[in-house]
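The values are calculated or read from the model by the stated rules, or taken from the named source; none is laboratory data. Fair warning: this is a prediction, and the values are worked out from it, not measured in the lab. Cβ atoms come from the backbone with ideal geometry, glycine included; neighbour counts cover every protein chain shown.
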Amino acid sequence: MAGDHRPKVLALGYVPLVAFAAFIAVPDATMVLNLLVLPAYLAVVAYALRDGTLPELGWGIAALYAYGIIVSFGFSAVQEPLLDAELYGDVLLAIAVLSIAVLVGTYLTARRREDVGEPLFAR
């Protein structure tokens, strides 16, 4: 029997999106933190595929891109003072950890709303 391949195709579409988001959300010039958060992002995609809640993960990915854009502009504005105060690495690590929280938190919120039957944005 042939199963429904739509969730797997959607997951394959989400993989490059979260891989690219790893480089947008964490403005690390060395790319070390980008490569450290990437497995966490991919684990969320794998969990959503296994759980059957991939459509709700789209909200988490959208929030991650919005977070990345905001962080990249804000971080570039304060990069020099952070280097002078020797806080550059600490702030970068906090940004990386928060990016995982943005993806997971938004996904879980969207998933919970779908579980209780409420639309995500009720009028």
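Looking only at residues of segment 29-82 that are surrounded by 13 or more Cβ atoms within 10 Å (Cβ to Cβ) and polar (S, T, N, Q), we find that the one that is farthest from Ala94 (Cα to Cα) is Thr53.
Total residues in segment 27-46 satisfying the condition of being under 14 Å from Val71 (Cβ atoms) and part of a helix (DSSP H, G or I): the figure is 3.
Of all residues in segment 88-123, those satisfying the criterion of being modelled with pLDDT under 90 and acidic (Asp, Glu) are Glu114, Asp115, Glu118.
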